[in-house]
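To keep things clear, I will list the structure first and then write my remarks on it.
Coordinate-derived values only; no laboratory data. Bear in mind the structure is a predicted one, so any value in this text is a computation, not a measurement. Here the Cβ positions follow ideal geometry from the backbone for every residue, glycine too, while neighbour counts run over all protein chains shown.
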Amino acid sequence: MFYNASYWDGNDPAASALDDAAIASDKQPLLPGQTATFANYTSYSLGINGIMIDVSNLPAGTPTAADFEFRAGIGGAPATWPLAAGPTSIAVRRGAGAGGSDRVTLVWSGEAAVRNQWLRVTVLPGGAWAWRRPRCSASATLSARWATRRPTRR
């Protein structure tokens, strides 16, 4: 997760190398079977508006929103949450990820950003990924008014 259109990326709303300076290094995606901790929540005022995925040996081309499934919700089974808006842009920077992997950057602008709920991102099999099974994770965003509540496990 990174804080797009923030001080750290020069307030630039576009996906670019500047976003690397806005990575929330204290945040991690919540993977299936894990218990949520502080590392899975953000209180960024603009919500979840930027995610980076580092992929080794990404085939040529750029993934599209059709290569993912996005769901947002606050309780119950994540697979039953309503579909969320897809990112407004997806960009690939070859070799820019960890260990020389390819960095896929997903950006949500304005009202499309997820606020006060979990975002579940599933990378679908096939398509640009050439994977045989889906991969998924979730992160949560909480506004200042929610920050005093202890959220339940999602």
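Key figures
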| item | result |
| --- | --- |
| Euclidean distance between Cα centres, the stretch 102-126 to the stretch 65-82, Å | 10 |
| Orientation-averaged projected area, Cα convex hull of the stretch 1-60 (nm²) | 5.3 |
| Ordering of 97-109, 80-92, 22-34 by burial proxy (mean other Cβ atoms within 10 Å per residue, highest first) | 97-109, 80-92, 22-34 |
| Estimated distance in nm for a label pair at Glu111 and Leu83, the labels positioned 7 Å out from Cα along Cα-to-Cβ | 1.9 |
| The stretch 90-131: radius of gyration over Cα atoms, expressed as a fraction of 2.2 N^0.38 Å | 1.44 |
| Cα gyration tensor, the stretch 3-114 - rounded (a/c under 1.5), prolate or oblate | rounded |
| Long-range amide H partners of Phe68 with built H, under 5 Å | Leu124 |
